[in-house]
Amino acid sequence: MAEALNSQEETLVEWEKQQIILKDQLITTNTESWQQHVELDGLERVGGVDLSYIKGDDTVACASLVVLSYPEMEVIHEDFHMVTLDAPYVAGFLAFREVPSLVEAVKTLQEKKPELMPQVLLVDGNGILHHRGFGVACHLGILTDLPTIGVAKNLLQVDGLENNEAHKEQAKQLEDGGDYFHLKGSTGHILGAALKSCKKSSKPIYVSVGHKISLETAVNVVRSCCKYRVPEPTRQADIRSREFCIKITNKGKTETTKPQDSLS
């Protein structure tokens, strides 16, 4: 038992070291020409990534990459592959569990259909809104060298940020789709934005910079991708990967029952 705990502690120390090294490469300003315009002129492809787990098994998941045309929000590419996750889930270190399979999906697209590569990736998770300022969106951005944006459905309570009554009251003041307010931590740093993504949404989503994009541009991209509360790239990645998991699970059940059926 003690050996296992020591091993886990060593792993976490190593992961934190890797985060620090990668964080040195982080860019939190606009780097692309299409980011210079409020209308996002030149943006044509937006990607979304997600992992959906097989029901009852948190070690087997479907890694998905979906690319949508912009501004039409029509799916022009989708890729799904089943992965076995060896790394455990540890709060603050989700990237080490999920990012490798997502990086692989991006690399495969780059090799096979580079003309469909997304110009920005939306990630179901956080960017610099993170315990050490380096969430899954940052990690994925560095390893793929793509602009990335973290989009979370719940507020990560770090640096004094709390989902308390004051925060909820401020969220209620967001009236129209596209309204937002900055999330300023107790250190004075702006870590992200709470965005009312569409008129019908009763709860904000939380946008934070991943890599190679400013917060204002990240908010602009996310709100322009929203038909519903969750932006279409991550929404479609989630829906389609869940459907893929169901197909795989049902296929496995069918194959298992075939011999029994043949005996009847």
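The values are calculated or read from the model by the stated rules, or taken from the named source; none is laboratory data. Not measured: the values here are computed from a predicted model. Backbone-built Cβ (ideal geometry, glycine too); neighbour counts: all protein chains shown. These area figures cover heavy atoms from the full protein model, side chains too; ligands, DNA and RNA do not enter into them. Shrake-Rupley method; radii C 1.70, N 1.55, O 1.52, S 1.80 Å.
Brief remarks on what is shown
- All of (1) assigned to a helix (DSSP H, G or I); (2) touching a Lys or Arg at 6+ places or on another chain (Cβ under 9 Å) hold for LEU161 with one exception: (1).
- Among residues of segment 12-26, those that are touching a strand residue (DSSP E or B) at 6+ places or on another chain (Cβ under 9 Å) and surrounded by fewer than 17 Cβ atoms within 10 Å (Cβ to Cβ), counted: 1
- Number of positions in segment 2-35 that are at pLDDT 95 or above, assigned to a helix (DSSP H, G or I) and of a type in the set (S, T, N, Q): 4
- Enumeration of residues in segment 116-140 that are within 14 Å of the chain's Cα centre (by Cα) and under 13 Å from ASP24 (Cα atoms): ILE128, PHE134, CYS138, HIS139
- On inspection, MET73 qualifies as touching a Lys or Arg at 6+ places or on another chain (Cβ under 8 Å) and surrounded by 12 or more Cβ atoms within 10 Å (Cβ to Cβ).
For every residue, the table says whether it meets (1) without any contact (Cβ under 8 Å) to a residue 40 or more places away in the chain; (2) in contact with a Leu (Cβ under 8 Å, 6 or more places away or on another chain); (3) under 28 Å from LEU143 (Cα atoms).
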| residue | (1), (2), (3) |
| --- | --- |
| GLY160 | yes, no, no |
| GLN173 | yes, no, no |
| GLY188 | yes, no, no |
| ALA194 | yes, yes, yes |
| LYS200 | yes, no, no |
| GLY210 | no, yes, yes |
| SER214 | no, no, yes |
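- Of the residues making up segment 181-203, those that are touching a Lys or Arg at 6+ places or on another chain (Cβ under 9 Å) and buried (at least 23 other Cβ atoms within 10 Å of the Cβ) number 4.
- Residue within segment 82-89 that is open to solvent by less than 80 Å² (accessible area, probe 1.4 Å), in contact with a Ser or Thr (Cβ under 6 Å, 6 or more places away or on another chain), part of a loop (DSSP other than H, G, I, E, B) and of a type in the set (A, V, I, L, M) present: yes
- Only one of the numbered conditions (1) farther than 23 Å from ILE246 by Cα; (2) assigned to a strand (DSSP E or B) is violated by VAL103, and that is (2).
- Of all residues making up segment 110-128, the number that are closer than 15 Å to VAL66 by Cβ and crowded, with 19+ Cβ neighbours inside 10 Å: 7
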